[in-house]
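Okay, structure first, notes after.
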Amino acid sequence: MFSPGIEQLDEIIGKCEETLEILRDHGMSPQMQKHIEREFTVAEAEAMVGRSRATLSRQEKDPDRPVVPMKHANSGRVRGYTLDQINELRDIFGTSPRRKEGQSCKILSMQSFKGGVAKSVSTVYFAQYLAIRGYRVLVVDCDPQASATSSFGYIPDHDFTEEDTMIPYIDGKKDSIEYAVRQTYFPGIDLVPSCLPWYEVEFGLFNAVTHADTEEERLSYYQELRQAIRTVEVNYDVVLMDSPPALGMISINILSAADGVIVPTPPSMYDFASTTQYFKMVKRVIQSVTPEKRFDFIKVMPTKVERNKSRQMDFLDIMRGRFGLSMLRSIFTSASAIPNAASVYKTLYDLPKGERDNATIDMLDEVFGEIEALIRKAWEDVV
């Protein structure tokens, strides 16, 4: 008689890993590297760089630092600029939006108790939104499921071991997380990856707290991730931390590290209740772990909203009434284009012009533009 056991699990895992390899290869270039296919038109380049078409054209002929857009092989007509070229033009003309001297790197967390609320999707897409606008971004994946890591073209437990994550730093083997930072295929975005062994950090930190000799030592274990990011933050404008969908030592560490918190919340009673519980946890953590903590902002972000469902829209109005100014005005609507792109290891920001869903991209730009404005206001408040 067949009895499910280790042999069956091995068979299932083997087939799953084989499928992941096929899917990853399908979403990559012939050189086996994920790449951004998007190019930016001259009109887009004008807006992004903040210089006229004539000025950009003159830069093509600059003898010291020419920036020549991509051109069609046959006609020689301008096809568009790559994001690397856009960023080089920003450097040349001094129009990069990067933080100024005296402005600190901002650490943001997309955090929720629940899974399936578009937390990792929001983290990855917001990172790409910021990178397109010229910011230097670090994504820190703190979820053992490693969805954010996968989104950048990796198979976490195939491409990384625990030695590639922040675990050696937390174990005291490294004094910086620079060893764990990976440059991604997307210009302007670096990644600190995660993989399955990251779940052990939860137990390790809990054990360290329970065996701490002093109150000062106990509290220090809630600042591990903040101290880790301090070792590399000079290189970035924004750090985005992808949090696991659970309450624990990692989530508390992320909360302690964050300057701003975005809470993805679909318009439903269960998600509303979960978010309410989340805010209760935030209050308890701040009171017990870091009572002097001040955030630049905490915002509820409505996600997975289906505008054609009247009950969702009615509940969205309830959320607006309850959360008030603590809720984003913009709405992250449910869009099939996002999972469709993800099925082949791509995002909408990766895709070339003819394959993009412009309505969904406009929606994303509106949501993330509102969060970007919060970051810029936090910078302005300290200048």
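Numbers below:
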read-out	value
Among beta bridges that DSSP assigns inside the chain, antiparallel share in %, nearest 5	15
Accessible carbon and sulfur surface of the chain relative to its total accessible area, %, 1.4 Å	51
On Cα atoms only, tilt of 358-380 relative to the major axis of the chain in degrees	70
Degrees separating the helix 199-210 axis from the principal Cα axis of the chain, which is the longest one	50
Residue-by-residue Karplus 3J(HN,Hα) for segment 299-313, coefficients 6.51, -1.76, 1.60, Hz, glycine and proline x	9, 7, 10, x, 10, 6, 7, 10, 4, 7, 9, 4, 5, 5, 5
Principal-axis tilt of helix 269-289 within the chain, Cα atoms, nearest 10 degrees	70
Under 5 Å, built H, 5+ apart or other chain: amide partners of Thr333	Val305
Mean residue ellipticity (222 nm) of the chain, computed from DSSP H runs ≥ 4 via -39,500 (n - 2.57), nearest 500	-13500 deg cm²/dmol
Listed residue pairs exceeding 31 Å between alpha carbons, taken from Lys293/Lys346; Lys71/Lys100; Lys34/Lys174; Lys100/Lys293; Lys299/Lys346	Lys293/Lys346; Lys71/Lys100
Label selected from (1) 0.96; (2) 1.04; (3) 0.98, the criterion being Rg/Rh (Cα atoms, Kirkwood Rh) as computed here	(3)
Accessible surface, the chain, averaged per residue in Å² (probe 1.4 Å)	49
Rounded if a/c under 1.5, otherwise prolate or oblate - segment 210-253, Cα gyration tensor axes	oblate
Förster radius 45 Å - calculated FRET efficiency between Ser310 and Asp171 (Cβ-Cβ, nearest 0.05)	0.30
Those residues of segment 80-112 whose amide nitrogen sits under 16 Å from the label point placed on Lys71, 7 Å along Cα→Cβ	80-82
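The values are calculated or read from the model by the stated rules, or taken from the named source; none is laboratory data. None of these values were measured; they are calculated from a predicted model. When we count neighbours, we look across all protein chains shown, and the Cβ atoms used for this are built from the backbone with ideal geometry, even at glycine. Ligands, DNA and RNA are excluded from the accessible area calculation, which covers all protein heavy atoms including side chains. Shrake-Rupley method; radii C 1.70, N 1.55, O 1.52, S 1.80 Å.
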